[in-house]
Amino acid sequence: MLILSDNPYFRPAPWPSVFVLLSLPILLWLGTWQLQRLEWKLGVIAKLEERLNTDPVPLGREALADDDEYRRFQIRGAFTPGVEFHWLTTSDEFGIGYLVFAPFKLDDGRFVIVNRGFVPQALKDKAEARKAPPDRINVRARVPEVPGRLDAANDEAANIWFTRDTVRMAALTGETPFLPLYFEEEAGEEGQTEPQAWPKPGASHVTIVNNHLDYALTWYGLGLVLVVIYFAFHLSQGRIGRKSQKQADRA
């Protein structure tokens with residue numbers, strides 16, 4: 001507005017003006033949308049922190065859904081002997097290995113797949129090397145993964161899994177009914193088990209990326225740059241400036 005008030009001579013070029021009129025609202029909308037996403041993400045983080053910092057509660061008969069992810073429970077029952085599913089992964093401490101997923105029969109008769117923890121590659125098929133599971137464990141709920149088109153296919157014959165498709169794992173056990181979520185076994189209060197005890201439980205570290213404010217500032221910044229370039233172009237083309245006496249006379 002300062003340019004227009006001090007320099008009333010302004011002849012907008014048609015195509016740059018059309019481009020700005022179309023692009024600027026989109027950039028502003030994208031920035032506003034990222035601010036809305038920021039508010040939503042902060043709510044998710046607050047809910048997650050609350051759940052992870054809450055003591056586990058006994059699992060009742062309530063029906064679990066995706067919205068219950070990361071809630072902490074204490075479950076009682078027993079693992080199905082000799083049935084495991086191995087998800088390929090790596091450990092900073094132990095190298096290549098597997099997370100052991102196993103069906104767990106709850107005291108109320110229902111089943112659930114439980115991620116028991118990590119075993120090194122050499123112990124993949126050595127079920128006799130597993131530590132005796134307790135009949136009561138602390139867990140956190142997780143939503144199963146759905147294999148995507150770009151994911152490697154699970155090798156069920158070799159029992160090597162690349163996605164945490166616990167729905168398929170449950171189907172292969174032949175048991176029913178299964179809870180729709182799976183559980184991750186948490187480490188004990190000391191944070192670790194005996195040195196030779198396998199698998200080693202320890203729920204995966206939860207990290208939620210929150211870059212929405214940066215994205216919002218980027219979109220708004222692009223909008224500002226677009227406006228600056230627009231007026232700089234008109235100024236360089238002589239389309240912004242003070243009217244000469246000759247132009248004023250023509251007006």
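Each peptide among 103-111, 165-173, 142-150 gets the average number of other Cβ atoms lying within 10 Å of its residues, and from highest to lowest they stand as 165-173, 103-111, 142-150. Rounded, prolate or oblate for the range 34-106? Axes are the square roots of the Cα gyration tensor eigenvalues, ordered a ≥ b ≥ c, and the cut-off for rounded is a/c under 1.5. Because a/c hits 1.5 or more and a/b fails to exceed b/c, the range 34-106 counts as oblate.
Highest mean packing first, where packing is the average number of other Cβ atoms within 10 Å per residue, the peptides 112-124, 88-100 line up as 112-124, 88-100. Annotation: per residue accessible area for the chain equals 62 Å², rounded to a whole number [probe 1.4 Å, protein chains only].
If only the Cβ of Lys and Arg carry +1 and only the Cβ of Asp and Glu carry -1, the dipole of the chain around its Cα centre is close to 1580 debye. For the chain, the number of Lys pairs with C-alpha atoms closer than 21 Å, counting only pairs eight or more positions apart or on separate chains, is 5. Helix-only arithmetic for the chain: the sum of -39500 (n - 2.57) across DSSP H runs with n ≥ 4, divided by the residue total, places the mean residue ellipticity at 222 nm at -11000 deg cm²/dmol.
Taking every C-alpha pair closer than 8 Å and separated by at least 6 residues, the mean separation divided by the residue count of the range 1-124 gives a relative contact order of 14 percent. Dipole of the chain computed with +1 at Lys/Arg Cβ and -1 at Asp/Glu Cβ about the Cα centre; of V20, G221, G60, farthest Cα towards the positive end is V20. Shown for the chain: the carbon plus sulfur share of the solvent-accessible area, taken with all protein chains present and a 1.4 angstrom probe, equals 58%. Across the options T207, I137, F73, the greatest Cα extent toward the positive end of the charge dipole of the chain (unit charges at beta carbon of Lys, Arg, Asp, Glu) belongs to T207. Distance between the pseudo-spin-label points of E128 and S23 (7 Å out from Cα toward the beta carbon): 7.1 nm.
The values are calculated or read from the model by the stated rules, or taken from the named source; none is laboratory data. Bear in mind the structure is a predicted one, so any value in this text is a computation, not a measurement. With ideal geometry, Cβ positions are generated from the backbone for all residues, glycine too; neighbour counts draw on all protein chains shown. Side chains are part of the model used for accessible areas, which takes the heavy atoms of the whole protein and leaves out ligands, DNA and RNA. Shrake-Rupley method; radii C 1.70, N 1.55, O 1.52, S 1.80 Å.
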